[in-house]
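Presented below is the structure to which this report refers.
The values are calculated or read from the model by the stated rules, or taken from the named source; none is laboratory data. On a predicted model such as this, the values are computed, not experimentally measured, just so you know. Glycine gets a Cβ as well: all are built from the backbone with ideal geometry, and neighbour counts include every protein chain shown.
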């Protein structure tokens, strides 16, 4: 598997085409669609309710409703793939769709995965493994945990607003948290660069931070006390199982346990290398999101 690709930072773009962006109202999908549109590319914005997205063609799309797949693919030659949320076996619905996409003329696919999930691993890892056999031009983005987890509607953000607490089973483990805007910038590059991407970069921010560090920065930025409360693996499993299926809750809690053991304590140069600019730092993003009212 190729993890490095000598793409020029001059950002040559592929011939005009249409990108189907799944999850087009979500954290990375929305940003990817917006950045593609701003760069002059045609976008079909796919969501379960065909929500309008400025500058894009809205289209109804539901991973679990194959009747929506054909119309969504019509006219598209590239895909940005956000796996179905909360599904511990996304390959079951994604692989039939991807085979249909290939038959419909899609030539390039960019998959959103995770730094915590290797090729052939659980959940979206099976889709990662299958992608090179389905498309000649592909990329798998493996971002670290999102900085936006502490803003907006994510559970961490809600907990911060409601009780001034962060609840994790990550202990003192550190994470190279990454800005969703940076993920989208890499996605746009992977979707539009002249050369086939054929790469699976791990995307991080510029520094690895513990949840205690995050709490300190959020306190300073918001002016309200925020503390990190450490849970056990079992406590986090129980808490998450009230919100998502048990199998997915166990997967998420296991990722926190891996963080505690040092699995995410790293940074990479992928954002700089693939976009030509440095990744955004957490304090910068926290201040930016707060200014946006998030």
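Could you go through the range 128-149 and let me know if any residue there is surrounded by fewer than 15 Cβ atoms within 10 Å (Cβ to Cβ) and more than 30 Å from residue 219 (Cα to Cα).
Yes.
Would you check if residue 85 is buried (at least 19 other Cβ atoms within 10 Å of the Cβ) and not in a helix (DSSP H, G or I)?
The answer is no for residue 85.
Examine the range 104-112 for a residue that is part of a helix (DSSP H, G or I) and either surrounded by 20 or more Cβ atoms within 10 Å (Cβ to Cβ) or in contact with a helix residue (DSSP H, G or I) (Cβ under 7 Å, 6 or more places away or on another chain) (or both), and state whether such a residue exists.
Scanning the range 104-112, I find no residue that is part of a helix (DSSP H, G or I) and either surrounded by 20 or more Cβ atoms within 10 Å (Cβ to Cβ) or in contact with a helix residue (DSSP H, G or I) (Cβ under 7 Å, 6 or more places away or on another chain) (or both), so the answer is no.
Among the residues of the range 282-292, are any at pLDDT below 95, under 30 Å from residue 193 (Cβ atoms) and surrounded by 17 or more Cβ atoms within 10 Å (Cβ to Cβ)?
Checked the range 282-292: at least one residue is at pLDDT below 95, under 30 Å from residue 193 (Cβ atoms) and surrounded by 17 or more Cβ atoms within 10 Å (Cβ to Cβ).
Go through the range 129-160 and report how many residues are in a loop (DSSP other than H, G, I, E, B), without any contact (Cβ under 8 Å) to a residue 60 or more places away in the chain and within 14 Å of the chain's Cα centre (by Cα).
1
Please work out if residue 184 is modelled with pLDDT under 95 and either over 20 Å from the mean Cα position of the chain (by Cα) or under 22 Å from residue 114 (Cβ atoms) (or both).
no
Find the residue count for the range 192-211, including only residues that are within 16 Å of residue 257 (Cα to Cα) and either surrounded by fewer than 17 Cβ atoms within 10 Å (Cβ to Cβ) or touching a helix residue (DSSP H, G or I) at 6+ places or on another chain (Cβ under 8 Å) (or both).
Matching residues across the range 192-211 total 1.
Select from the range 215-230 the residues that are in contact with a helix residue (DSSP H, G or I) (Cβ under 7 Å, 6 or more places away or on another chain) and within 12 Å of residue 165 (Cβ to Cβ) and write down the one among them that is surrounded by the fewest Cβ atoms within 10 Å (Cβ to Cβ).
225
Condition first: modelled with pLDDT of 90 or more and under 21 Å from residue 163 (Cβ atoms). Now tell me which residues in the range 243-268 satisfy that.
249, 252, 253, 256 - these are the residues of the range 243-268 that are modelled with pLDDT of 90 or more and under 21 Å from residue 163 (Cβ atoms).
Which one of these is in contact with a helix residue (DSSP H, G or I) (Cβ under 8 Å, 6 or more places away or on another chain), modelled with pLDDT of 95 or more and under 30 Å from residue 204 (Cα atoms): 86, 120, 70, 125?
On inspection, the qualifying residue turns out to be 120.
Kindly indicate which of 82, 93, 106, 124 is under 25 Å from residue 254 (Cα atoms), over 17 Å from the mean Cα position of the chain (by Cα) and touching a residue at least 24 places away in the same chain (Cβ under 8 Å).
Among 82, 93, 106, 124, only 93 is under 25 Å from residue 254 (Cα atoms), over 17 Å from the mean Cα position of the chain (by Cα) and touching a residue at least 24 places away in the same chain (Cβ under 8 Å).
Can you tell me which of (1) in a helix (DSSP H, G or I); (2) touching a strand residue (DSSP E or B) at 6+ places or on another chain (Cβ under 9 Å) is the one residue 126 doesn't meet?
(2)
Select, from 244, 285, 226, 221, the only residue that is within 20 Å of the chain's Cα centre (by Cα) and over 23 Å from residue 121 (Cβ atoms).
285
Output the qualifying pairs, or none if there are none: Cβ atoms under 7 angstrom, residues six or more apart or on different chains, first residue in the range 258-281 and without any contact (Cβ under 8 Å) to a residue 24 or more places away in the chain, second residue assigned to a loop (DSSP other than H, G, I, E, B) and loosely packed, with under 15 Cβ neighbours inside 10 Å.
Hits for this filter: 272/278.
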